[in-house]
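S.K.: Dumping the structure here so I can ask a few things about it.
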Amino acid sequence: MRAPSRARKRLFPPYALITSAALLLTACGSGDPAGDAANAAAGSDAIPTTDVVSGIGENADAVQLLPPGTGELTLAVSVGGTPPGTTYLADGKTLTGQDVDFANAVAKALGITLKTEQASFEAILPALDSGKYDLGASNFGVTEERRRTIDFVTYINDGQGFAAREDSGLSKVTGLEQLCGLKVATGAGTTFEATLEENRHLCTDAGDKAYTVQTYSEQGALWSSLQQGRSDVVMSTINGLRYAVAHQQGVKFLNEFHRLDVGFALKKGSKLAPALQTAVNGLIADGTYDRILKKWETTESAIEKSRISPPELKD
């Protein structure tokens, strides 16, 4: 899934530029000149721009399953600044990323309009219940805890993994006990934070010093903490880690830790779920699905069919 070595050398800008770009991209709005400059400095030509959506036609079976009168849905996304997650193109206002492509593809198949709004990752799921958003798409992993209050329509399989600096003694994390005494950077409000917090006791139970969990809302700050030695290891999405490592010097992907199905997040009991599921399965059948995965170099995360709120995957 990494870019060829020749391409990787061409894409490597100084890390300071990558970090500042990711931070600015997270904060910039439409037409922000600072965001434009930051994206250019980060090597925005590395972000794939292949159009995999515009030619999609309506899926009659999926359209029939929509609640009557559904013409527009409000989509919430979290802009993290690092593909394949949601980020901005060089214009500072056009959103792109794997989740964006899937959401737009489904909207095309359903013949509806998407009103896309940016929100922090940790704010999206609670806002679904209030009706502020109709659905969220930000690499939301399906867990047993989330299934109690949220419905999901799956469209990919991703999960949890680790990365570290190249000089780290870590090579593979098979148990969280290996992190004892270390500083672990991860995203705020994520399954990674929950996993780390729930298992911190493993170290103290074994008589070791517990690891420290450092949470960040911005991917740029997370990677900066690793590069500058303020953290020892990063726990994040498998696909996101692979992409980041392929485009940064001095860091290495350690391993996959726990796979999770990923899906569109909906209010519990939402009547939109069957229509979304049928739309995703239509994209799988007509080849659009594969084109989206190839664009973002995530073909290893393909699923055979979409499901509604399946049980959490167990290792």
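Read-outs: derived from the displayed coordinates by stated rules, not from any lab. All values derive from a computational prediction rather than experimental measurement. Positions of Cβ are backbone-derived with ideal geometry, glycine not excepted, and every protein chain shown enters the neighbour counts.
S.K.: From the Cα trace of the chain, what convex hull volume per residue do you get, rounded to a whole Å³?
M.R.: 124 Å³
S.K.: Tabulate in residue order the Karplus-calculated ³J(HN,Hα) for the stretch 94-107, using 6.51 cos²θ - 1.76 cosθ + 1.60 with θ = phi - 60°, rounded to whole Hz; enter x for Gly and Pro.
M.R.: Each residue of the stretch 94-107 in turn: 8, 7, 8, x, 4, 4, 5, 4, 5, 5, 5, 5, 5, 4 Hz.
S.K.: Under the rule of -39500 (n - 2.57) per DSSP H run of 4 or more residues, summed and divided by the residues of the chain, what mean residue ellipticity at 222 nm is obtained, to the nearest 500 deg cm²/dmol?
M.R.: That calculation yields -10000 deg cm²/dmol at 222 nm.
S.K.: Further, regarding this structure: Pairs of Cα atoms under 8 Å, at least six residues apart: use those to get the relative contact order of the stretch 81-238, whole percent.
M.R.: Worked out over the stretch 81-238, it gives 23 percent.
S.K.: Test of the criteria: in the stretch 104-178, which trypsin sites (Lys or Arg not before Pro) are in a DSSP loop and have at most 13 other Cβ atoms within 10 angstrom of their Cβ? Show your work: numbers first, answer last.
M.R.: Working: sites: K108, K115, K132, R146, R147, R148, R165, K172; in loops: K132, R148, K172.
Sparse-neighbourhood loop trypsin sites (Lys or Arg not before Pro): R148, K172.
S.K.: Which pairs, out of K115/K305; K132/K271; K183/K252; K93/K267; K108/K267; K268/K295, put more than 20 Å between their alpha-carbon atoms?
M.R.: Beyond 20 Å: K115/K305; K93/K267; K108/K267; K268/K295.
S.K.: Also, quick follow-up: Using DSSP to call loops (not H, G, I, E or B), can you name the trypsin sites (Lys or Arg not before Pro) in the stretch 253-315 whose Cβ has at most 14 other Cβ atoms within 10 angstrom?
M.R.: K268, K271, K305, K314
S.K.: Starting from the amide H of S231, placed 1.01 Å from N in the peptide plane, find each other amide H under 5 Å away whose residue is 5 or more places distant or on another chain.
M.R.: Those lying under 5 Å, H to H, from S231 are L226.
S.K.: What percent of all Cα-Cα pairs in the stretch 100-191 falls in each 10 Å bin, counting up from 0?
M.R.: Going out from 0 Å in 10 Å bins, the stretch 100-191 shows 12, 36, 29, 17, 6, 0 percent.
S.K.: A further question on this structure: Mind ranking 204-214, 245-255 by how tightly packed they are, going by the mean number of other C-beta atoms within 10 angstrom, highest first?
M.R.: Ranked from most to least packed, the peptides come out as 245-255, 204-214.
S.K.: Mean separation of Cα pairs under 8 Å and 6+ residues apart, divided by the residue count of the chain: what relative contact order is that in percent?
M.R.: 26 percent
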